[in-house]
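> Quick one: the structure is below, questions incoming.
The values are calculated or read from the model by the stated rules, or taken from the named source; none is laboratory data. Note that the structure is predicted; figures quoted are calculated from it, not measured. In this analysis, Cβ positions are derived from the backbone assuming ideal geometry, glycine residues included, and neighbour counts consider all displayed protein chains. Surface accessibility is based on the protein's heavy atoms, side chains included, excluding ligands, DNA and RNA. Shrake-Rupley method; radii C 1.70, N 1.55, O 1.52, S 1.80 Å.
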Amino acid sequence: MHDIRFHAAIAELPATAWDTLRADANPFVSHAFLHALEQSGCIRPDWGWQAHHLGLYEDGRLLAAAPLYLKGNSHGEFVFDWSWASAWERAGGAYYPKLLNGVPYSPVPGPRLLAGSSEHTPALQRALVEAMRDETARLGLSSVHANFLQPAELAAFGDDWLARSDVQFHWHNRGYRHFPDFLAALSHKKRKNILRERDQVAASGLTIEWRGGDTLDRAEWRRLHALYESTFDLKGNHAALTAAFFSRLGELGGLAQVALAREDETIVAMALFVQGGNVLYGRYWGASVDVPGLHFELCYYRGIEHAIAQRLDRFEPGAQGEHKLARGFLPARTHSRHYLANPDFRAAVAAALASEAEAVDAYATELHSHSPFAER
């Protein structure tokens, strides 16, 4: 039997042991990243987030762990269950709080059941899943959700967990020597469109640069946060990441990467990336100018150039957006698992998910038939 503990802060868990348990170097489940979120005011009960991290121990040694949160709403999860919440509340139930096994504000696939890489890993992963279910029952919660799982983790979830899948768009490095080499692999139409967009930015007079986050000073980080915040304000959304969190990113070595556009000395646009595990992840964009092609230049093309130069395996630019397909990003499936405590509610949602799965499968098949790459 393992000693099962739940922690109200990631700082209560040993950082080295936590990071050692990751199946890969995915930066979003690193102890430092999760600690930065908590310490900079991004994880707050009044915003619907309360840390409830799970650890399995033996003789005081951390054997397995999971990033876990008590959620008072479904903001910042990117696996949308608002309709489930509405249906359960109309039936007289309380959907919130619920448990979430995931990473705040980050629709990024990666390890969620941290159990090392040994012959004991599958059993430890199943123990984590069972502990989350038991905690749901102990607290009288409606549900527990595990979002953006790795395929190798799916077997840990039993048949009473509902399966859900979606589509993102990822760029894969096929050993490209440079950006023109990547362009040469595309169809003529797609290549021409990208060159036109890049020419528009080149003609704007803006200065474009790529910077490691650890080279930015405090004033530059404040400017980046202001651009990020203004983008959310324009869309009527809440910017959950604080200025303090942005500054903390700059203290985490090469974790943060940034593409900047300057007009004279003023930063007028930015795209923020996170790098780790030989993968680049696009996260946030902000701009105070409207320049044709600038979003694609900073968010996609500069990221591809960086990935090629650094010989990274993959570039994941973020959730949604089939416009990415035309720019060299191919469809990739994402996976989540959901346990709903009430069996009748679970059966009703399962029926809805079966129909949804058919639509997602058809969508993914259709996307694959429109590859931007030239036939060889």
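> Given Cβ point charges of +1 (Lys, Arg) and -1 (Asp, Glu) and nothing else, what value in debye, to the nearest 20, does the dipole of the chain about its Cα centre take?
Values: 37 positive and 44 negative charges, 144 e Å.
The dipole magnitude comes to about 700 debye.
> In addition: Helix-only mean residue ellipticity at 222 nm, the chain, DSSP H runs n ≥ 4 weighted -39,500 (n - 2.57), per residue, nearest 500. What is it?
Numbers: 10 runs with 122 residues, N = 376.
That comes out to -10000 deg cm²/dmol.
> Nearest 10 degrees is fine. How inclined is helix 218-234 to the longest principal axis of the chain, computing both from alpha carbons?
Approximately 80 degrees, to the nearest ten.
> With the full set of protein chains in place, find how many percent of the accessible area of the chain is carbon and sulfur; take the probe as 1.4 Å.
Details: 8470 of 16620 Å².
It is 51 percent, rounded to a whole number.
> Just name one of His2, His225, Val258: the one whose Cα is farthest towards the positive end of the charge dipole of the chain (beta-carbon charges, Lys/Arg +1, Asp/Glu -1).
My answer, from the dipole projection, is Val258.
> Under 21 Å Cα-Cα from Lys190, which lysines qualify once same-chain neighbours fewer than 8 residues away are excluded?
Within the straight-line cut-off, Lys190 pairs with Lys324.
> Let me ask something additional. Relative to the compact-globule scaling 2.2 N^0.38 Å, provide the ratio for the alpha-carbon radius of gyration of region 48-94. Before the final figure, lay out the partial values.
On the way: Rg = 15.3 Å, N = 47, 2.2 N^0.38 = 9.5 Å.
Its radius of gyration relative to the 2.2 N^0.38 Å reference: 1.61.
> Could you state the accessible area per residue of the chain in Å², with a 1.4 Å probe and every protein chain left in place? Write down the numbers at each step before the final one.
Values: 16620 Å² over 376 residues.
Dividing the accessible area of the chain by its residue count gives 44 Å².
> Averaging sequence separations of C-alpha pairs under 8 Å and six or more residues apart, then dividing by the length of the chain, give the relative contact order as a whole percent.
Details: 685 pairs, mean separation 73.9, N = 376.
Contact order relative to length: 20 percent.
> To continue, here is another question. Is there a quick way to get the dipole size of region 158-313? I mean about its Cα centre, with the Cβ of Lys and Arg at +1 and of Asp and Glu at -1; what is the value in debye to the nearest 20? Walk me through the numbers on the way to the answer.
Working: 19 positive and 20 negative charges, 109 e Å.
The calculation lands at about 520 debye.
> Round to a whole angstrom and tell me the spacing of the C-alpha centers of region 1-79 and region 273-336.
The two parts, judged by their Cα centres, are 26 Å apart.
> Right, another one. From Cα pairs below 8 angstrom and at least 6 apart in sequence, can you work out the relative contact order of region 230-376, rounded to a whole percent? Numbers along the way, then the final one.
On the way: 134 pairs, mean separation 22.2, N = 147.
It comes to 15 percent, rounded to a whole number.
> May I pose another question? Counting only DSSP beta bridges with both residues in region 1-109, what percent are antiparallel, rounded to the nearest 5?
Numbers: 17 of 17 bridges.
Counting only bridges with both partners in region 1-109, antiparallel ones make up about 100 percent.
> Between 0 and 90 degrees, rounded to the nearest ten: what's the tilt of helix 343-368 against the longest Cα principal axis of the chain?
The angle comes out at about 20 degrees.
> Separate question: What does the convex hull of the Cα atoms come to per residue for the chain, in Å³? Show your work: numbers first, answer last.
Details: hull volume 55.2 nm³, N = 376.
Hull volume normalised by residue count: 147 Å³.
> Here's another thing I want to ask about it. Please list the non-local residues whose amide H lies under 5 Å from the amide H of Leu330, H modeled 1.01 Å from N, same-chain partners needing a gap of 5 or more.
The answer is His170, Trp171, His172.
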